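Enquirer: Structure in structure tokens, see below.
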Amino acid sequence: MAKAKKKTKILIIAKQNKLGIKLAKKLEGQLKAYTDEIYFDRSTALREGKKGTSVKKFDGDMIITVGGDGTLLWTAQQLEKSVPVLPVKIEGHGFLCTITYKELMKNIRRIFKKDYKIAERIRLKCAKGSLGLIDKIFHKEYPYALNEIVFARKRPSKILNIEFRIDGVPMSFIGDGLMFSTPSGSTAYNASAGGPIVDSDLGVISIIPLYPFYSNIKSFVVPAIKKVEVVVKNGECSLIIDGHGGDFIKPNTPFIVEKGEPLKIVYFDKENIYEKVKSEFFS
């Protein structure tokens, strides 16, 4: 007796507005022609009065995000298993998305033929350099960052005294904060802060001092294999990860920022990053 063919298992995560929910339901209808293993994340399912699926526990074949960059970033923070993600743009800039919703409708069959490619995007991780007994009990690991990790001042009126070390060499400055950006995130906050736009094929991390006072310190681009030590010497500081997760930091708490597990991004046709940059920044 022939063994039953495994069905493709897909999780749909929608932007939580009317358009996102509407298009997620429409996508479900299109996918049902090929598989009945279709699930929604809990927030999207709740809109339909149904029980959803945990993103963290999902171990299927693919996740499809229906929204834009924010939906992908939220998904990347929740995702713990190595499941490839197809980010679909429905509105806004969607710089991280690899396909529009209209294009997806024309290419759905390719998902089930496995006629697509997977690119690994660098993610960053941040951890406290030393933990006391109480911290070890109560501290949870920070989520990975697909775009950036920022040490930023908590109060607008108070500046920070920050030291970071690359290969043991200390560099200090006073300013608004310190940002670590991936190539994927180089067109986001990094670009607004004057950091370099980096080709996503490069395995590097950008380090951007945010508006330093009385200092000539410049941005760095370092190999992703580097571990960078960070200490906020003075000032009230917030740790912000991709604009979502974070923490409030006590002065003189050491941190290590380094490369984490990559995010697998699905694409059908290779994008030209420079065409995207031109349309977004030069038009």
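Enquirer: Got a sec? How would Ile122, Ile273, Ile111, Ile166 order by Cβ neighbour count within 10 Å, fewest to most?
Expert: Fewest-to-most ranking of Ile122, Ile273, Ile111, Ile166: Ile166, Ile273, Ile111, Ile122.
Enquirer: Now a separate question. 222 nm [θ] for the chain, helices only, -39500 (n - 2.57) per DSSP H run of 4+, per residue, to 500? Please list the in-between numbers first.
Expert: Values: 7 runs with 60 residues, N = 283.
It lands at -6000 deg cm²/dmol.
Enquirer: Rank the residues Ser206, Ser82 as a footprinting-exposure proxy: fewest other Cβ atoms within 10 Å of their Cβ go first.
Expert: Ser82, Ser206
Enquirer: Please work out which option in (1) 0.92; (2) 1.24; (3) 1.09 gives Cα Rg over 2.2 N^0.38 Å calculated from these coordinates, and answer with its label.
Expert: (3)
Enquirer: Only Cα pairs under 8 Å and at least 6 apart count here; give the relative contact order of the chain as a rounded whole percent.
Expert: Relative contact order of the chain: 18 percent.
Enquirer: Out of all DSSP beta bridges in the chain, what portion is antiparallel? Express it as a percent rounded to 5. Intermediate values should be presented prior to the final figure.
Expert: On the way: 53 of 70 bridges.
If I count the DSSP bridges inside the chain, around 75 percent turn out antiparallel.
Enquirer: For the residues Ile205, Ile21, what sequence is obtained by ranking on other C-beta atoms within 10 Å, fewest first?
Expert: Ile21, Ile205
Enquirer: Among Ile162, Leu72, Gly260, whose Cα projects farthest towards the positive end of the dipole of the chain, with charges put on the beta-carbon of Lys, Arg (+1) and Asp, Glu (-1)?
Expert: Farthest along the dipole direction, towards plus: Leu72.
Enquirer: Here's a follow-up. Given the options Leu73, Leu86, Leu202, which has the most mean-square fluctuation in a GNM of the chain, springs set between C-alpha atoms less than 10 angstrom apart?
Expert: Leu202
Enquirer: Still on this structure: I'd like the distance between the alpha-carbon centres of segment 43-61 and segment 209-283, rounded to an integer number of Å.
Expert: The distance from the Cα centre of segment 43-61 to that of segment 209-283 comes to 30 Å.
Every read-out reported here was derived from the displayed coordinates using simple, explicitly stated rules and does not represent laboratory data. None of the values given here were measured: they were computed from a predicted structure. Backbone-built Cβ (ideal geometry, glycine too); neighbour counts: all protein chains shown.
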